[in-house]
1. Compute the Rg to Rh ratio over region 23-82 from the alpha carbon atoms, using the Kirkwood formula for Rh, and round to two decimal places.
2. Using Cβ contacts closer than 10 Å as the measure, can you line up 83, 31 from fewest to most?
3. Lys and Arg at +1, Asp and Glu at -1: add these up for the other residues within a Cβ distance under 12 Å of residue 31 and post the number.
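What follows draws every value from the coordinates through simple rules; no lab data is involved. None of these values were measured; they are calculated from a predicted model. Every residue, glycine as well, gets a Cβ built from its backbone with ideal geometry; the counts of neighbours run over all protein chains shown.
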Amino acid sequence: MKALLLFILAASAVNGFAQPAEMQVINRAADALGGRERLLSVKSLTIYGYGQQAYQNGGGNITASLDAPQKWVNVNGLVRTIDLEHGRMHLEQRLVQDFVFAYARNMNGDTRVNQFLDGDIAFNVGPDGRAVRAPEAAVRARRIEMLANPI
């Protein structure tokens, strides 16, 4: 019985020191970004960018045909600020429809996005400065967007 107990303790100790492959990958990535302690000290992150996104998350083709070209939205002046310490996010961006038949307001970049996430509350701020609470689905989507960062 004593031998069995010693074997179990020894096996547990050896297993406790071995790192799973997943943790090895995470630790290597953390080392590449300056180390675990440096990453844990980051309080906020601001990302600047531009790009394109599929209109209606890919559901807005020009026609219902499978061969119809995709409509695109150009994203300009994107600034995403993530407060890692308090679980908050702010996104500002300007959208320009990249579709020749769209009406003028969408083509000239006047569509501005000003979105916030503060804990479990998502809200948008309009051009007039008025804040409007967003639905629970927006909370979930913005929380997922917060995870799309190098930290």
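1. Values: Rg = 18.9 Å, Rh = 15.0 Å.
Computed over Cα atoms, the ratio is 1.26.
2. Placing the least packed residue first, the sequence is 31, 83.
3. Result for the local shell: +2.
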